[in-house]
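Here, each number is a calculation from the coordinates, and none is a lab measurement. Just so you know, these numbers come straight off a predicted model, no measurement behind them. Glycine also receives a Cβ, built like all others from the backbone with ideal geometry; neighbour counts cover every protein chain displayed.
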C-alpha cells in the first residue's frame, strides 16, 4: 500500500469508524451468528458426551483474554504515537490523534472481536479434546503419505536431507513460536488496520480456521506420525517436542480413562495441520492488506512450518495440504461474512 493510498484510507477510516455504527449491524450480526452457532454445536457435543466445558488453569480463555489485551494496549500506544508523529506537520495534537482514531465505537468493536475470537477458540479446544473418543485413522494417512512420496516417508526424507541434530533444534524453536505469532498477528490487525471492519476480516478468517480445523479433526481423527510410526523419529536429537508429544499422549490416555475428571483434557489431533493453516492465513492476510515485506516474512515462516510439522512428526504431509486448503477457504469466508463478498482490500467499500 503506497503512502498516498494509506493516507486516503486513514482519512476515510476515521470518518467511517465514527459515523457508521448504525449501518454496520448487519455484518456484525453475521459475525455474532457464527460465534453463537459454533458455541451451540460445542454445547451439544458436551451434552452428548456428558462432559462439561473445561479451561485448564484459565489458559484458554481468562489468561488468553488478559495477555491479548495487554499486547493490544501496547500496540495501541504504538499506533497512537506513529499517527501523532506523522500528523505533527499538520498541527495535530496527541489528544486529537487519540480522539479521532480510538473512538468509543472502535474500542467497543475491538473488545467484541477479542471476546468473540476467544469464545470460538475455547469451543475449538474443547471439541478438539473430545475428539479423542473417536477411533484414530492414522494408518489411512500413512498410506496417503507413502503414495504421495512413492512409497517413502516424507519425514525420513527430511531427516536424511537436513540431518537430525541442528535442524531438530531450529525447527523446534520455529514450531513453538507459533502461538506467539498468531497472537501478535491478531492484535496487530486490530490495532493497526485502517478500520475496524478491515480488522474483522482477519479475526473472522481466523475464527473460521479454528472452526473448519476442528471439523477436519472429526472427519479423520488421528494422532500423528510420531505415534503411528515412532521408529522414524527415534534418531532425532531430543528436544522439548518429544516431551510435549509424550505429555499429549498421557493426557489422551487420562481423559479416556477418566472422562469426568475435572482436569482431564486432551490436546492432540493431526488432520488437518492448523499450524500450517494459521501460518498460511497470516501470509494470505498480509497480502490482502498490501503488506509486501511482511507477506514475504510470513511466507518464509509458512515454509518453515511446513517442514517442521513433518520433520518433527506432528503431522503427515497430507495434513499440511489440508491445512493450506483450510487457510484459503477461511480467508474467503472471512471476507464474505464481513464484507459481503470477496472484495480486494483496496475496494473503497471494504474500508467502511
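Taken along the Cα-to-beta-carbon direction at a fixed 7 Å, the label points for residue 146 and residue 33 span 4.7 nm.
To make sure I understand, if each residue's beta carbon is the centre and we count other beta carbons within 10 Å, what order do 318, 196, 26, 182 fall in, fewest to most?
26, 182, 318, 196
Compute the angle between helix 138-148 and the longest alpha-carbon principal axis of the chain, please, reported from 0 to 90 degrees and rounded to the nearest 10. For 138-148 against the chain, the angle is about 80 degrees. Its DSSP H runs of at least 4 residues, each contributing -39,500 (n - 2.57), put the calculated 222 nm mean residue ellipticity of the chain at -24000 deg cm²/dmol, to the nearest 500.
Using Cβ counts within 10 Å as a stand-in for footprinting exposure, how do 43, 282, 220 rank, fewest first? Spell out each step's value before the answer.
Values: 43 13, 282 28, 220 21.
So the residues, fewest neighbours to most, are 43, 220, 282.
Highest mean first, the peptides 238-247, 305-314 sorted by other C-beta atoms within 10 Å per residue fall in the order 305-314, 238-247. Just to confirm the number: angle between the C-alpha axis of helix 274-288 and the first principal axis of the chain, 0 to 90 degrees, nearest 10? Taking the Cα atoms of the chain, the angle to 274-288 is about 30 degrees. What the Cβ-Cβ distance of residue 135 and residue 253 gives, at R0 = 22 Å and to the nearest 0.05, is a FRET efficiency of 0.90.
The length gained by stretching the chain between residue 48 and residue 238 to full extension, at 0.36 nm per residue less their Cα-Cα distance, is 64.4 nm.
Seen against the Cα atoms of the chain and their longest principal axis, helix 25-49 is set at about 20 degrees.
The Cα center of the stretch 38-87 and the Cα center of the stretch 116-194 differ in position by 21 Å.
Once C-alpha pairs closer than 8 Å and six or more residues apart are averaged by separation and normalised to the residue number of the stretch 3-351, the relative contact order reads 25 percent.
For each of 265, 85, count neighbouring Cβ atoms within 10 Å of the residue's Cβ, then give the residues from fewest to most.
Working: 265 23, 85 12.
Placing the least packed residue first, the sequence is 85, 265.
Reducing the stretch 200-248 and the stretch 299-325 to their Cα centroids gives an inter-centroid distance of 10 Å.
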